[in-house]
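**Student:** Provided herewith is a single structure, encoded as structure tokens, for subsequent inquiry.
The values are calculated or read from the model by the stated rules, or taken from the named source; none is laboratory data. Since we're looking at a predicted model, the values are computed, not measured. Methodologically, a virtual Cβ is constructed for each residue, glycine included, from the backbone with ideal geometry; neighbour enumeration extends over all protein chains shown.
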Amino acid sequence: MTDFVIDPVAAFFLFVYGFVLLFGGKSIVKLIVGIGFGGFLGAAGFVLATMVSGVGGGLVVFLLMFIIGVLIGWWIFKASLSFLSGLAAWYFLTGLLNIPRISSTSLLVMIILIVIFYVLVESAITGVAILVGALLMYLALTTWAGSVLSLIIVAFLVMFRIAWILDSKGVL
């Protein structure tokens with residue numbers, strides 16, 4: 001058993017959140033980032049448009065900028081993560097291998113690393129969402145059942161999710 005006690009009502013919400021993260025985590029993370037970026041862009045557009053055309057024009061601009069911002073935020077999330085990861089790996093590798101950072105070889109390595117991370121970011125986000133969802137579900141289930149039974153249930157759900165991912169990619 002665990003050393004801490006989780007309230008049964010809180011455990012229910014942990015289970016629901018874990019289930020949602022397990023089966024739709026990547027999309028939820030991308031949606032939250034998109035809404036955040038859309039809200040930021042919409043608010044900036046609202047402030048600027050309100051100065052020019054009043055509150056009515058500001059609201060129209062807010063809605064348009066919010067929708068555009070959500071779409072941009074959905075895409076830019078993956079791009080920004082891959083750029084930052086590739087840049088960090090490039091900086092580490094050039095220092096480790098004593099490659100001058102201002103050279104064509106170094107810049108080619110940086111571009112290759114950014115592309116590699118762009119491909120891997122989707123899988124990393126999915127993996128982290130699956131792990132966090134499984135952990136939340138395990139914590140919730142240990143409140144109602146034993147830890148062994150909880151582990152078996154969570155392992156089954158994680159295997160089901162992995163099979164679902166592989167099937168959607170045409171592997172199975």
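**Student:** Take the range 17-59 and flag every residue that is of a type in the set (V, I, T) and surrounded by fewer than 18 Cβ atoms within 10 Å (Cβ to Cβ).
**Tutor:** Passing the criteria: V20, I28, V29, I32, I35, V47, T50, V52, V55.
**Student:** Taking the criterion of being over 27 Å from W164 (Cα atoms), without any contact (Cβ under 8 Å) to a residue 60 or more places away in the chain and under 19 Å from the mean Cα position of the chain (by Cα), would at least one residue in the range 122-145 satisfy it?
**Tutor:** no
**Student:** When the residues of the range 114-137 are filtered to those that are in contact with a Gly (Cβ under 8 Å, 6 or more places away or on another chain) and not hydrophobic (A, V, I, L, M, F, W, C), which remaining residue is nearest to P8 (Cα to Cα)?
**Tutor:** Restricting to residues being in contact with a Gly (Cβ under 8 Å, 6 or more places away or on another chain) and not hydrophobic (A, V, I, L, M, F, W, C), the top hit is G133.
**Student:** Further question: Only residues that are free of Cβ contacts under 8 Å to residues at least 12 places away in the same chain, hydroxyl-bearing (S, T, Y) and part of a helix (DSSP H, G or I): list them for the range 70-119, please.
**Tutor:** S80, Y91, S104, T105
**Student:** Return the residues of the range 128-150 that are surrounded by 15 or more Cβ atoms within 10 Å (Cβ to Cβ) and not aliphatic (A, V, I, L, M); say none if nothing qualifies.
**Tutor:** So the first thing to find is which residues in the range 128-150 are surrounded by 15 or more Cβ atoms within 10 Å (Cβ to Cβ), and the list is 129-130, 132-143, 150.
Across the range 128-150, the qualifying residues are G133, Y138, T142, T143, S150.
**Student:** OK, next. Across the range 1-16, which residue is modelled with the lowest pLDDT among those that are assigned to a helix (DSSP H, G or I) and surrounded by fewer than 16 Cβ atoms within 10 Å (Cβ to Cβ)?
**Tutor:** Only one residue fits best here, namely P8.
**Student:** Every residue in the range 60-88 that is surrounded by fewer than 18 Cβ atoms within 10 Å (Cβ to Cβ), modelled with pLDDT of 85 or more and within 20 Å of the chain's Cα centre (by Cα), please.
**Tutor:** Listed by number, the residues that qualify are I67, I68, L71, L87, A88.
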